[in-house]
1. If the reach is capped at under 16 angstrom between alpha carbons, list the lysines near K126, excluding any in the same chain fewer than eight residues apart.
2. Please get the size of the charge dipole for region 69-152, origin at its Cα centre, with Cβ charges of +1 on Lys and Arg and -1 on Asp and Glu, quoted in debye to the nearest 20.
3. Once Lys and Arg get +1 and Asp and Glu get -1 on their Cβ, which of P83, V131, N114 lies farthest toward the positive end of the dipole of region 7-141?
4. In whole Hz, with x marking every Gly and Pro, tabulate ³J(HN,Hα) for region 90-107 from phi via Karplus 6.51 cos²θ - 1.76 cosθ + 1.60, θ = phi - 60°.
5. Hey, got the dipole for region 7-141? About the Cα centre, +1 on K and R Cβ, -1 on D and E Cβ, debye to the nearest 20?
6. Need the list of lysines near K45 for cross-linking: C-alpha distance under 24 angstrom, and skip anything on the same chain fewer than eight residues off.
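Just so you know, all these numbers are worked out from the coordinates, no wet-lab data involved. The model shown is predicted, which means the values in this text are computed figures rather than measured ones. Ideal geometry is used to build each Cβ from the backbone, glycine not excepted, and the neighbour counts take in all protein chains shown.
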Amino acid sequence: MRLLTLFFSLIAPICAAQLHVTSPDGAVKVTVSGGAQLRISAGFKATQILKPSDIAMLIHGSTQNWSIRKTSLQKIDETIVPPVPEKRKSIANHYNALIIKFRSNISLDVRAYNDGFAYRFTSSFKDSITVDAEVARYSFPSETIFYGSAVTKRQDADIFHTSFEEPYRSNRWRVSQPISFSFRR
């Protein structure tokens with residue numbers, strides 16, 4: 001019994017470990033923690049821009065297991081040359097990436113750029129999957145001002161037909177991407 005207690009007290013911190021990735025210039029820091037729930041948070045310089053927030057991808061017929069199996073870091077500094085340049089002849093693609101593989105065959109790729117961050121879920125299932133839902137319950141600092149297009153549904157179309165066509169407003173409504181924020185210092 002004592003050995004089992006010792007085992008779980010040693011393994012618990014590993015399963016709920018906090019992992020970090022910073023932007024190439026060090027200004028953006030993203031933190032991810034796994035375990036019972038998957039959470040992400042971010043800061044810019046000395047300002048917290050995203051409080052710990054629940055994220056997940058719910059796969060049909062699969063249980064959530066955010067225990068971390070393997071992690072890796074990548075540094076990317078490349079130039080993308082678009083086949084048909086519109087605004088620029090070349091695009092700098094410079095970021096640091098944290099790839100987290102979970103025991104549930106789901107991975108989370110987090111990219112920290114000098115001016116922001118992004119994440120995406122990937123899977124290593126050998127066959128097709130059905131995503132029941134993607135969870136993104138973002139929690140922002142209390143004095144954050146939010147600007148985004150309000151998501152309103154027309155009677156003759158689904159919600160995705162008009163989400164980018166609405167005027168941007170500062171409000172607390174459900175919104176679509178892209179979104180932008182203003183943080184007070």
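1. K101
2. 340 debye
3. N114
4. 9, 10, 6, 10, 10, 7, 10, 10, 10, 10, 10, 9, 9, 5, 8, 6, 10, 10
5. Working: 16 positive and 10 negative charges, 42 e Å.
Taking the Cα centre of region 7-141 as origin, the dipole is about 200 debye.
6. Answer for K45, where 24 Å is the Cα cut-off: K29, K75, listed by chain and number.
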